[in-house]
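Note sheet for the following structure.
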Amino acid sequence: MREEWKLVALNQLCEFFDRRGITPKKLGGDFHDTGYRVISAKNIKQRSVDLNFGEQRYVDKPTYEKWMNTSLLPDDVLLTSEAPLGEPAYITEELQWCLGQRLFGIRTNKEMLLGKFLFYGFQAPQIRVDLLSRATGATAQGIRKAELIKVSTPLPPLPEQERIVSILDKAFEGIDKAIAQTKQNLASARELFESYLNNIFTQKGEDWVEKKLGDVCKFSSGGTPSKKTTAYWSGKIPWVSGKDMKRDRIKDAILHISESAIADNKARIAKIGSLLILVRGMGLANGVAIAELTAPCSFNQDIKAIDPDPEVYSRFLLFSLKSSFSDSAKILSSAAHGTLKIEMDRLKVTPVSLPDYPQQKAIVTQLDALSDSIKQLEALYTQKLNDLKELKQSLLQQAFAGELTKEDAA
């Protein structure tokens, strides 16, 4: 930080609106379908307010007036107090919203500090280190108002703040456009593979035979050895759970069990070439998870192993099921407590179209080649996204150290 800049605590520069803990009932009102919007930390997404996320909750005018003693004004800043901690949003127009759970409103003294400068400051490494150091909580970290007001910000003169904000606005506009385009390219690459996959299984040849999955496969269930028996969890056999079902080939897992767990029938091993399918758990909210084993693995009770008959190439079946379950709503249902699941009766009658074995292998060769190409593109796009995010952090670091020039942001 430049020597001539001051480092000043926020309580000397800002007014804080802390309405956490307030509810309509405490104010003698209730939630309504229309009226004055109530927002919370759930609405702060990617440095802005997303009104489409979370519950749509409103209160009437008397409740709003008791809840808030001011409208949100242009150049105010919102900041999440937890879950997640320290996510800012910038207000550009007057808004009559109620600040709900886990959310602070901050109004700067315009003679000393620009709200937009503070908004960028909450994203800068220098201020975030101070902010996070004042957080408490073991599982979900949060910050109280008494600690937030002690967070310090570099305080250059107002003209310098304006210059920095102008440079960051222009630079971030370009970076955000590049990020949006890269995300679109990434999505398009994934859609290309899905389209090709679905075309194969919707435009199948006349010689293909349709069968029920249960007629060409055997199913087996997994298990979870008792955590109380330490010896069961001291081995090298991969034990697959829903957390491991994030790719279509699996050879290892986060957790491992011992030979004694298998010998005592507390779990079973699926062989190379078996398919694992997640049949219960909230992991199904992201779609049906299916994977091929490239090494022997055990698995838990939320997963079923599928062993195809000899005339069915297991990797072909993997792609076939991925195509069948692209619309996961067709196979998913909910347990009484809301957990998503796949009923075995529905799984067994899933139709599977099969060409002869050589055709199955040839199709898999084509799909794997395309998949490899898509993964290379995904790696490039993912790296570009990481580079763009690092560029943002570098610019913020320079800005709040007093080292930012127009050339840096070009």
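I'd like the full set of residues that are open to solvent by 20 Å² or more (accessible area, probe 1.4 Å) and modelled with pLDDT of 95 or more, limited to the range 72-84.
Leu73, Pro74, Asp75
Going by the conditions given, is Glu191 closer than 22 Å to Glu87 by Cα, of a type in the set (Asp, Glu), under 26 Å from the mean Cα position of the chain (by Cα) and open to solvent by 40 Å² or more (accessible area, probe 1.4 Å)?
no
Answer yes if at least one residue in the range 157-168 is open to solvent by 70 Å² or more (accessible area, probe 1.4 Å), of a type in the set (Asp, Glu) and either at pLDDT below 95 or at positive phi (or both), and no otherwise.
no
Going through the range 29-68 one residue at a time, which ones are without any contact (Cβ under 8 Å) to a residue 24 or more places away in the chain and assigned to a loop (DSSP other than H, G, I, E, B)?
The answer is Gln46, Asp50, Leu51, Asn52, Phe53, Gly54, Glu55, Gln56.
For a quick check of your reading: which strands (runs of 3 or more DSSP E) sit entirely within the range 332-382 and have at least 1 residues that are over 28 Å from the mean Cα position of the chain (by Cα), modelled with pLDDT under 95 and polar (S, T, N, Q)?
The strands (runs of 3 or more DSSP E) meeting that bar are 351-354.
Counting only residues that are crowded, with 23+ Cβ neighbours inside 10 Å and in contact with a helix residue (DSSP H, G or I) (Cβ under 6 Å, 6 or more places away or on another chain), how many does the range 110-123 have?
Matching residues across the range 110-123 total 3.
Please enumerate the residues belonging to the range 89-109 that are open to solvent by less than 30 Å² (accessible area, probe 1.4 Å), more than 15 Å from Ser40 (Cβ to Cβ) and out of contact with any Gly (no Cβ under 7 Å at 6 or more places or on another chain).
Ile91, Ile106
Specify which of the listed residues (Thr202, Thr182) is under 31 Å from the mean Cα position of the chain (by Cα) and either farther than 30 Å from Lys384 by Cβ or not basic (Lys, Arg) (or both).
Thr182 is the lone residue from the list that is under 31 Å from the mean Cα position of the chain (by Cα) and either farther than 30 Å from Lys384 by Cβ or not basic (Lys, Arg) (or both).
Looking for whichever is under 20 Å from Asn198 (Cβ atoms), in contact (Cβ under 8 Å) with a residue 40 or more places away in the chain and touching a strand residue (DSSP E or B) at 6+ places or on another chain (Cβ under 8 Å) here; the options are Ala291, Ala305, Ala285, Ala295. Which one fits?
Result: Ala291 is the single residue among Ala291, Ala305, Ala285, Ala295 that is under 20 Å from Asn198 (Cβ atoms), in contact (Cβ under 8 Å) with a residue 40 or more places away in the chain and touching a strand residue (DSSP E or B) at 6+ places or on another chain (Cβ under 8 Å).
Could you check the range 136-171 and list, in sequence order, the residues that are among the aliphatic types (A, V, I, L, M) and either within 21 Å of Phe17 (Cβ to Cβ) or free of Cβ contacts under 8 Å to residues at least 40 places away in the same chain (or both)?
Ala138, Ile143, Ala146, Leu148, Ile149, Val151
Quick one: which of Lys26, Lys66, Lys61 is touching a Leu at 6+ places or on another chain (Cβ under 7 Å), modelled with pLDDT of 90 or more and farther than 25 Å from Lys392 by Cα? Show your work before the answer.
On the way: Lys26 fails: touching a Leu at 6+ places or on another chain (Cβ under 7 Å); Lys61 fails: touching a Leu at 6+ places or on another chain (Cβ under 7 Å).
Among Lys26, Lys66, Lys61, only Lys66 is touching a Leu at 6+ places or on another chain (Cβ under 7 Å), modelled with pLDDT of 90 or more and farther than 25 Å from Lys392 by Cα.
Could you pull out the residue among Tyr357, Tyr381 that is closer than 22 Å to Gln203 by Cβ, open to solvent by 20 Å² or more (accessible area, probe 1.4 Å) and touching a residue at least 12 places away in the same chain (Cβ under 8 Å)?
One residue alone meets the criteria, Tyr357.
For the range 299-331, what are the residues that are of a type in the set (Ser, Thr, Tyr) and either under 28 Å from the mean Cα position of the chain (by Cα) or within 23 Å of Ala253 (Cα to Cα) (or both)?
Passing the criteria: Ser314, Ser320, Ser323, Ser324, Ser326, Ser328.
In this structure, is Thr224 in a loop (DSSP other than H, G, I, E, B), polar (S, T, N, Q) and in contact (Cβ under 8 Å) with a residue 60 or more places away in the chain?
Judged against the criteria, Thr224 is a match.
Test Lys211 against the stated conditions and say whether it is surrounded by fewer than 13 Cβ atoms within 10 Å (Cβ to Cβ), outside any helix (DSSP H, G or I) and in contact with a strand residue (DSSP E or B) (Cβ under 9 Å, 6 or more places away or on another chain).
It is false that Lys211 is surrounded by fewer than 13 Cβ atoms within 10 Å (Cβ to Cβ), outside any helix (DSSP H, G or I) and in contact with a strand residue (DSSP E or B) (Cβ under 9 Å, 6 or more places away or on another chain).
Collect the residues in the range 257-294 that are farther than 14 Å from Trp233 by Cα, of a type in the set (Gly, Ala, Ser) and either out of contact with any Ser or Thr (no Cβ under 7 Å at 6 or more places or on another chain) or modelled with pLDDT of 95 or more (or both), keeping them in residue-number order.
Answer for the range 257-294, where residues must be farther than 14 Å from Trp233 by Cα, of a type in the set (Gly, Ala, Ser) and either out of contact with any Ser or Thr (no Cβ under 7 Å at 6 or more places or on another chain) or modelled with pLDDT of 95 or more (or both): Ala270, Gly273, Ser274, Gly283, Ala285, Ala289, Ala291.
Determine if the range 180-189 includes at least one residue that is in a loop (DSSP other than H, G, I, E, B) and touching a Lys or Arg at 6+ places or on another chain (Cβ under 8 Å).
Checking the range 180-189: not a single residue is in a loop (DSSP other than H, G, I, E, B) and touching a Lys or Arg at 6+ places or on another chain (Cβ under 8 Å).
The values are calculated or read from the model by the stated rules, or taken from the named source; none is laboratory data. All of these numbers come straight from a predicted model, not from anything done at the bench. Quick reminder, even Gly has a Cβ in these numbers, built from the backbone with ideal geometry, and neighbours come from all protein chains shown. Areas reflect the complete protein model, heavy atoms only, side chains present, ligands, DNA and RNA absent. Shrake-Rupley method; radii C 1.70, N 1.55, O 1.52, S 1.80 Å.
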